[in-house]
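In what follows, a structure is listed as structure tokens, so that the remarks can point back to it.
The values are calculated or read from the model by the stated rules, or taken from the named source; none is laboratory data. All of these numbers come straight from a predicted model, not from anything done at the bench. Using ideal geometry, Cβ is built from the backbone for each residue, glycine included, and neighbour counts are taken over all protein chains shown. Accessible surface is based on the protein model in full, side chains and every heavy atom, while ligands, DNA and RNA are left aside. Shrake-Rupley method; radii C 1.70, N 1.55, O 1.52, S 1.80 Å.
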Amino acid sequence: MLASVPVVPVELLLVKQLVDRIQTWIAPHPVGPILATAAWLGALMIVNNMLLGVPIPLAMTRLNERGTLEQQRMLVSKTSALPLAAVELPETKDLRERAFQVSLYDIYNTGIHALQMSLQIAVLMAIMLRFGHWIPVVAVIAAASLLTCVSAKAAENLEEVTRKQIAVRRLLRHYADLMTERNGAKEIRLFGLSRLLTERWTRLFEQQAEETMKAVRSAEMRKIAPELLMALIAGLLLALVVLLPGANQLTSGDFALLFMALTLLLSQLPGLIAQIAALRRQYMKWEDFRAYLDLEEESFARADAPLFGESTANITLQVRELGFRYPGDDRDTLSGISLTIPPGCRAALVGANGSGKSTLIKLLLGLYAPNEGEVIWSDGKHRRLEKAATAGYVSAVFQDFTRLYVTLRENVALGKLAAIGQDWLLQQSLQLAGSKFSHLDAQLGAPFRGIEPSGGEWQKIATARAILKDAGFVFFDEPTAALDPQAEKEAFELFLQVTKGRSALLVTHRLGAAKLADLIFVMKDGRLVEQGTHDELMEKSGPYSRMFHLQASWYV
């Protein structure tokens, strides 16, 4: 793109030469020199429009594709490396939304255009100074500098408005998803929420549009005076160029050159000023991009599964005085949690909704970092496992498991990617999980023209993924939430089968299932209030006993 910069002065010089030769030509002098100059001018235009005009768009298109890919890869990689608690913060989501608005291609393209225009304007000014016309150059620089400052400030104000609107834009997208995606379709139609959501979406959209309009109006009003001054100076300079000092010594070609140089100068300055203003906005977007990439990441990397033949059993979990508070909360979610799950122990974690069970699981898995206390994993030789190694020995089935719209093979093999081509092992995991699906290459997910499993089947696929990993410690977080009574019974039998000889922790509301565990932990208001076997807890007549009798009364 910068290769076209020298074309402008060469074109101007050829035009000057052509005009001078036409002026001095009289018959019967040969017209060869005139035709030669015209031919050179035409050839230069061909080079500029074809040889430079065709490859540049192709190269810029490719650059756009690569730049977009790289920036998206950087942001996605960064998000996956951030602590889960940080990812869930509204402030982080707003910053990520702003970071996704940056375009590496736009930054490069705007910068290169600004540089190209700056070089061309410098060349045009040098031509005018060559003829001693410094007065137009000084006047244009003064007016352009004033307009540049005003335009850059206006661009900054517009970008600030855009930044402040990010949270509302996320909310607008949420409303749009509710009205268009499958997940919210049932309630919206059943309760007639479409009109309410549409009105709310429209009101927020109009509010944002009004804020943007005010910012644009204010920016344009500020630019009126500098733009009028610029236009006035341009008009005066074009009208008075023949009256400037030394004009009586200029040839017709010189006048043509000066008029064209001044015209090009005045026509390109607004474009350069616009590019500078755009660069200001791009720089502010870049600041958000860098701020997101500079967020503190997790202090450890996830490890691969243990090597073949390495024992994953005999895993011990110890928790000492664990405490956690969500960012922005005024009270602890968990406080003073201490427990031990020895090798081969199948424990259950019970408690009312909001007691902190799911938060505790995320802390045990290392998804959240505790504010107090520590989580200690050790192997059968009582060697403490580092955080980087823990993931290779632990597996989990969550209540809010992920529905991956890929093939059945890929869904299961994510538990152990090395087994993606071992059909018998994948089939075995599905059978152990009680899944009725067997065609491994079947696409899952109705949105992509695939099979849509029921909620229970999705959970069985997630369980097959956990089984395939063959981990020494398995978490089951409310594994029967989406199942009917018969399937629930089968799921608990599966839990006992899968965790035989291994350590496990079952999070459940079903105390009938907790009764089967070797050890039961009872939580209330973020604290561990009881622990023991079913019989021991029933004898205490404490919270567990009351919950058990309350649930049992429903079936009597």
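Points to keep in mind about this one:
So that you can scan it fast, the table gives a plain yes or no per residue for (1) small (Gly, Ala, Ser); (2) part of a loop (DSSP other than H, G, I, E, B):
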| position | (1), (2) |
| --- | --- |
| GLN399 | no, yes |
| ARG403 | no, yes |
| GLU410 | no, no |
| GLY415 | yes, yes |
| LEU425 | no, no |
| GLN428 | no, no |
| GLN431 | no, no |
| PHE437 | no, yes |
| LEU440 | no, yes |
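- Pick from segment 515-556, criterion modelled with pLDDT of 90 or more and among the aliphatic types (A, V, I, L, M), ranking: most open to solvent (accessible area, probe 1.4 Å): VAL529
- Out of GLU187, GLU199, GLU227, GLU156, sole residue that is within 29 Å of TYR292 (Cα to Cα) and either among the acidic types (Asp, Glu) or touching a Phe, Trp or Tyr at 6+ places or on another chain (Cβ under 6 Å) (or both): GLU156
- Residues that are closer than 21 Å to ILE361 by Cα, at pLDDT below 65 and among the aliphatic types (A, V, I, L, M) within segment 468-498 comprise ALA481, ALA482, listed in sequence order.
This table checks each residue for (1) within 17 Å of ARG527 (Cα to Cα); (2) surrounded by fewer than 17 Cβ atoms within 10 Å (Cβ to Cβ).
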site	(1), (2)
TYR326	yes, yes
ARG346	no, no
LEU349	yes, no
LEU367	no, yes
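- Taken over segment 61-102, the criterion of being in contact (Cβ under 8 Å) with a residue 40 or more places away in the chain and not in a helix (DSSP H, G or I) is satisfied by LEU82, PRO83, LEU89, GLN101, VAL102.
- Condition met for ARG195 (part of a helix (DSSP H, G or I), basic (Lys, Arg), surrounded by fewer than 17 Cβ atoms within 10 Å (Cβ to Cβ) and without any contact (Cβ under 8 Å) to a residue 12 or more places away in the chain): yes
- Those residues of segment 124-141 which are open to solvent by 40 Å² or more (accessible area, probe 1.4 Å), over 23 Å from GLN275 (Cα atoms) and either outside any helix (DSSP H, G or I) or aliphatic (A, V, I, L, M) (or both), in sequence order: LEU129, PHE131, GLY132, ILE135
- Looking only at segment 294-348, and only at residues there that are under 30 Å from MET74 (Cβ atoms) and small (Gly, Ala, Ser), the one that is modelled with the highest pLDDT: GLY328
- Selected residue (criterion: farthest from LEU519 (Cα to Cα)) from residues of segment 318-369 that are assigned to a strand (DSSP E or B) and charged (D, E, K, R): GLU321
- Segment 440-462, residues that are touching a helix residue (DSSP H, G or I) at 6+ places or on another chain (Cβ under 7 Å), farther than 18 Å from LEU417 by Cα and surrounded by fewer than 16 Cβ atoms within 10 Å (Cβ to Cβ): GLU452
- In the set (1) of a type outside the set (S, T, N, Q); (2) part of a strand (DSSP E or B); (3) within 39 Å of the chain's Cα centre (by Cα), ILE520 fails one condition alone, (3).
- Within segment 380-393, the presence of a residue that is modelled with pLDDT of 85 or more and among the aromatic types (Phe, Trp, Tyr) is excluded.
- Residue within segment 374-394 that is closer than 22 Å to GLN497 by Cβ, part of a helix (DSSP H, G or I) and open to solvent by less than 60 Å² (accessible area, probe 1.4 Å) present: no
- Of all residues making up segment 417-433, the number that are at pLDDT below 85 and crowded, with 18+ Cβ neighbours inside 10 Å: 1
- Only one of the numbered conditions (1) closer than 21 Å to LEU264 by Cα; (2) open to solvent by 30 Å² or more (accessible area, probe 1.4 Å); (3) assigned to a helix (DSSP H, G or I); (4) in contact (Cβ under 8 Å) with a residue 12 or more places away in the chain is violated by ALA144, and that is (2).
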